[in-house]
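See structure below.
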Amino acid sequence: MTSPDADPDAAVRRAVETVFRMERTRLIGGLARLVRDLDLAEELAQDALLAALADWPRTGIPARPGAWLTATAKRRAIDRFRHRRMRALKLAELGHAPEDDGAAQISAAEAAMDDDLGDETLGLIFTACHPLLSREARVALTLRLIGGLTTDEIARAFLAKEPAIAQRILRAKKALGAAGLAWEIPRGDDLKPRLASVLEVIYLIFNEGYAATSGEDLIRPALADEARRLGRILAAAMPGEAEIHGLCGLMDLQASRFAARLAEDGSPVPLTAQNRRLWDRTLIRRGLDALSRADASGGADGPYALQAALAACHARAGRAEDTDWPRIAGLYDRLAAVLPSPVVELNRAVAHGMAFGPGAGLALLAPLDGLAALAGYAPLQAAIGDMLARAGQPAEAHARFTRAASLAGNPRERDFLLARAAACAV
């Protein structure tokens with residue numbers, strides 16, 4: 001019996017699938033810019049894949065497989081436009097003249113046949129992350145178009161129903177189509193707000209991988225890895241944007257701790273109790289390098305660069321007791337000025353409590369305790385519980401940890417908080 005590896009056609013098919021995975025995003029981006037229709041762009045890209053699967057086992061893998069796929073997809077687009085034009089002309093002969101017979105689309109597609117692929121991937125990222133879409137829609141569409149995840153994979157990643165994710169993506173595509181966007185990277189004054197939206201989506205994807213909001217798993221490394229890949233694409237294409245480097249540094253530094261974040265039973269291990277020998281030194285070096293690039297680009301006070309600087313403080317500490325908490329508290333003071341939010345204030349209070357004693361932390365946590373935005377936020381109650389325990393008030397700490405456990409959306413996190421509550425009752 002012939003093994004699959006000995007089958008030359010099977011080897012070519014695997015090569016076709018590998019090339020398509022590598023070129024898919026750029027291909028769809030270029031086609032979307034040409035046809036102004038995401039569904040059609042995805043369909044044309046799939047047509048090109050099928051053509052390669054049919055032709056390459058017979059003709060061999062071309063010298064420039066990505067260019068072959070692009071040219072094939074563009075020819076299919078021209079064929080479709082010509083078919084539409086012929087239909088329009090026939091309707092015109094019957095007295096049903098359309099406003100546009102498609103001649104302009106054919107000319108544009110023919111003119112684009114010899115174009116090299118340029119910023120198609122970035123154009124697609126910026127369009128998928130357009131602020132006119134909701135945050136949820138931007139995340140789902142980005143994972144679908146740039147990440148190449150199926151709707152089922154996205155649904156499982158976010159513990160949602162597949163039909164709901166499919167509808168979210170469909171509505172997003174329709175909204176983008178109706179807006180008549182150019183499918184290009186914004187320029188000039190339009191870049192900064194759009195870049196902020198892109199970085200927000202990438203960090204949302206990373207955070208869901210770093211600390212899952214619900215479900216059995218506390219971390220989902222595949223999602224975090226996908227966010228880091230998207231960050232690298234942006235950094236390579238836009239090396240002068242400091243905040244991109246800040247975000248890349250932040251994600252690499254946080255991802256370096258994955259191997260130490262869970263105990264053998266799957267329960268979370270607090271940062272101060274983690275085995276730092278398990279931290280990934282390669283990712284730490286990469287994260288520190290990205291942070292240096294952000295600083296060199298004049299972005300030291302950017303929100304992501306500041307958060308990366310915070311993560312760097314932990315990465316540089318060989319032991320938990322070596323952590324420079326006063327520096328961390330100062331960095332949180334700066335972060336609160338450029339990125340004011342209740343969660344930043346919560347983390348700032350924790351940092352001050354670690355740097356200057358639990359009394360300082362509790363003083364900053366007190367105004368947050370009755371805040372509506374944090375009413376159902378388990379980490380706030382856990383932080384207060386931790387400060388109370390350190391201040392020698394176990395009964396009050398027990399109540400706070402119990403409250404935090406009741407708010408936790410993840411069963412592993414809930415068990416961890418209940419264990420902390422039990423420890424206060426001893």
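The values are calculated or read from the model by the stated rules, or taken from the named source; none is laboratory data. No experiment lies behind these values; they were computed from the predicted model shown. In this analysis, Cβ positions are derived from the backbone assuming ideal geometry, glycine residues included, and neighbour counts consider all displayed protein chains.
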If we keep only residues of region 363-413 that are modelled with pLDDT of 90 or more and of a type in the set (Lys, Arg), then the residue surrounded by the most Cβ atoms within 10 Å (Cβ to Cβ) is Arg400
For region 335-362, enumerate the residues that are modelled with pLDDT under 95, closer than 26 Å to Arg414 by Cα and either among the basic types (Lys, Arg) or not in a helix (DSSP H, G or I) (or both). Ser341
Members of region 137-178 that are farther than 20 Å from Thr121 by Cβ, of a type in the set (A, V, I, L, M, F, W, C) and either in contact (Cβ under 8 Å) with a residue 60 or more places away in the chain or not in a loop (DSSP other than H, G, I, E, B) (or both): Ala155, Ala157, Ala164, Ile165, Ala166, Leu170, Ala175, Ala178
When (1) farther than 30 Å from Ala405 by Cβ; (2) of a type in the set (Ser, Thr, Tyr); (3) touching an Asp or Glu at 6+ places or on another chain (Cβ under 7 Å) are applied to Ser297, the one that fails is (3)
Could you give every pair whose Cβ atoms fall below 8 Å, whose first residue belongs to region 220-232 and is closer than 13 Å to Glu153 by Cβ, and whose second residue is outside any helix (DSSP H, G or I), counting only separations of at least 6 or pairs across chains? Arg220/Ala212; Glu226/Gly147; Glu226/Leu149
If we keep just the residues of region 196-212 that are surrounded by fewer than 20 Cβ atoms within 10 Å (Cβ to Cβ) and among the aliphatic types (A, V, I, L, M), which is nearest to the chain's Cα centre (by Cα)? Leu204
Residue check: is Asp79 surrounded by fewer than 21 Cβ atoms within 10 Å (Cβ to Cβ), at pLDDT 85 or above, part of a helix (DSSP H, G or I) and not aliphatic (A, V, I, L, M)? no
With Ala317, Ala337, Ala308 as the choices, which residue is surrounded by 18 or more Cβ atoms within 10 Å (Cβ to Cβ) and closer than 30 Å to Ala366 by Cβ? Ala308
Just checking, does region 317-333 include any residue being closer than 17 Å to Tyr203 by Cα and modelled with pLDDT of 95 or more? no
Could you give me the residue pairs with C-beta distances under 9 Å whose first residue belongs to region 266-277 and is at pLDDT 85 or above and surrounded by 12 or more Cβ atoms within 10 Å (Cβ to Cβ), whose second residue is in a strand (DSSP E or B) and of a type outside the set (Asp, Glu) wherever it lies, and which are 6+ apart or on separate chains? Val269/Leu262
Looking at region 353-380, I want the residues that are without any contact (Cβ under 8 Å) to a residue 60 or more places away in the chain and farther than 19 Å from His398 by Cα and have a partner that is among the aromatic types (Phe, Trp, Tyr) and surrounded by 15 or more Cβ atoms within 10 Å (Cβ to Cβ) with Cβ atoms under 8 Å, at least 6 apart or on another chain. Which pairs are those? Met354/Trp325; Ala355/Trp325
Given (1) under 26 Å from Leu374 (Cα atoms); (2) outside any loop (DSSP other than H, G, I, E, B), Gly287 misses just (1)
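Can you tell me which residue is surrounded by the most Cβ atoms within 10 Å (Cβ to Cβ) among those in region 351-362 that are hydrophobic (A, V, I, L, M, F, W, C) and within 19 Å of Thr323 (Cβ to Cβ)? Lay out the reasoning, then the answer.
Going residue by residue through region 351-362, those that are hydrophobic (A, V, I, L, M, F, W, C) are 351, 354-356, 360, 362.
With the extra rule that they be within 19 Å of Thr323 (Cβ to Cβ), the set shrinks to 351, 354-356, 360.
Details: Ala351: 25, Met354: 20, Ala355: 18, Phe356: 15, Ala360: 17.
Applying the filter and picking the extreme gives Ala351.
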Assess whether Val350 counts as being within 21 Å of Tyr377 (Cα to Cα) and not polar (S, T, N, Q). yes
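Could you say which residue among Tyr332, Tyr304 is part of a helix (DSSP H, G or I), aromatic (Phe, Trp, Tyr) and touching a residue at least 40 places away in the same chain (Cβ under 8 Å)? Reasoning before the result, please.
Details: Tyr332 fails: touching a residue at least 40 places away in the same chain (Cβ under 8 Å).
Of the residues listed, the single one that is part of a helix (DSSP H, G or I), aromatic (Phe, Trp, Tyr) and touching a residue at least 40 places away in the same chain (Cβ under 8 Å) is Tyr304.
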Scan region 114-134 for residues that are loosely packed, with under 15 Cβ neighbours inside 10 Å, at pLDDT 85 or above and either within 18 Å of Asp37 (Cβ to Cβ) or out of contact with any Ser or Thr (no Cβ under 6 Å at 6 or more places or on another chain) (or both) and report the count. 2
Out of all the residues in region 26-63, which are in contact with a Ser or Thr (Cβ under 9 Å, 6 or more places away or on another chain), among the charged types (D, E, K, R) and modelled with pLDDT of 85 or more? Asp47, Asp55
Scan region 179-195 for residues that are touching a residue at least 12 places away in the same chain (Cβ under 8 Å), of a type outside the set (D, E, K, R) and assigned to a helix (DSSP H, G or I) and jot them down. Ala179, Pro193, Leu195
How many residues, within region 222-251, are out of contact with any helix residue (DSSP H, G or I) (no Cβ under 7 Å at 6 or more places or on another chain) and either among the β-branched types (Val, Ile, Thr) or within 20 Å of Arg194 (Cα to Cα) (or both)? 4
